[in-house]
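Before any comments, here is the structure.
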Amino acid sequence: MAEVKKISKERRVFPAIVSYDHPHNDYLNSLSSQGFLGIAAYLTGLVYPLFLFVKALAQGDKYRRAAGYAGIIMVLGLLVFGMTETMFTHSIVMSWYVTFTAMLMAIIFRQKDTETHDVGS
């Protein structure tokens, strides 16, 4: 940050750049702050659940397929939103992602024998 202020005073960059403290891109933020391991962990945290959600579409149960579609939309949205904002630096987004991923995974991986039991019995 100090380097940016210095080159701003020298008029080598536009002065408004000084007010930005991160790249407003999840991919660049992970890469610049945590290196290749950070970007690999970031992408694994999104792509692996995406793979499981896509796999759920092949299952016959309509609830599992619905959870798969919801998960795909959620992950693809975060992959796109991450291009213009650092979504996972905000704790509310991180909490939301973990909670909804866990709920959708619970629907996808629920036990088969629970489908045959009535709620009232």
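The values are calculated or read from the model by the stated rules, or taken from the named source; none is laboratory data. In this text, all values refer to a predicted model and were calculated from it rather than measured experimentally. Glycine gets a Cβ as well: all are built from the backbone with ideal geometry, and neighbour counts include every protein chain shown.
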| field | Verdict on residue 52 being surrounded by 12 or more Cβ atoms within 10 Å (Cβ to Cβ), within 15 Å of the chain's Cα centre (by Cα), at pLDDT 95 or above and not in a loop (DSSP other than H, G, I, E, B) | value | yes
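Which residues, taken from segment 58-89, are outside any helix (DSSP H, G or I), under 18 Å from residue 45 (Cα atoms), among the small types (Gly, Ala, Ser) and out of contact with any helix residue (DSSP H, G or I) (no Cβ under 7 Å at 6 or more places or on another chain)?
Of the residues in segment 58-89, the ones outside any helix (DSSP H, G or I) are 58-61, 82-86.
If we keep only those that are under 18 Å from residue 45 (Cα atoms) too, we end up with 82-83, 85-86.
If we keep only those that are among the small types (Gly, Ala, Ser) too, we end up with 82.
Of everything in segment 58-89, nothing turns out to be outside any helix (DSSP H, G or I), under 18 Å from residue 45 (Cα atoms), among the small types (Gly, Ala, Ser) and out of contact with any helix residue (DSSP H, G or I) (no Cβ under 7 Å at 6 or more places or on another chain).
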| query | Is there a residue in segment 67-85 that is farther than 20 Å from residue 23 by Cα, touching a Lys or Arg at 6+ places or on another chain (Cβ under 8 Å), touching a residue at least 12 places away in the same chain (Cβ under 8 Å) and not hydrophobic (A, V, I, L, M, F, W, C)? | reply | yes
| remark: Here the residues within segment 86-111 that are without any contact (Cβ under 8 Å) to a residue 12 or more places away in the chain and hydroxyl-bearing (Ser, Thr, Tyr) are 91, 95, 99
| Which condition number in (1) modelled with pLDDT under 95; (2) part of a helix (DSSP H, G or I) is the one that residue 37 fails? | (1)
| Restricting attention to segment 90-109, does a residue exist that is small (Gly, Ala, Ser), in a helix (DSSP H, G or I), under 11 Å from the mean Cα position of the chain (by Cα) and more than 18 Å from residue 24 (Cβ to Cβ)? | yes
| task | Could you pull out the residue among 29, 25 that is surrounded by 17 or more Cβ atoms within 10 Å (Cβ to Cβ) and farther than 29 Å from residue 109 by Cβ? | result | 29
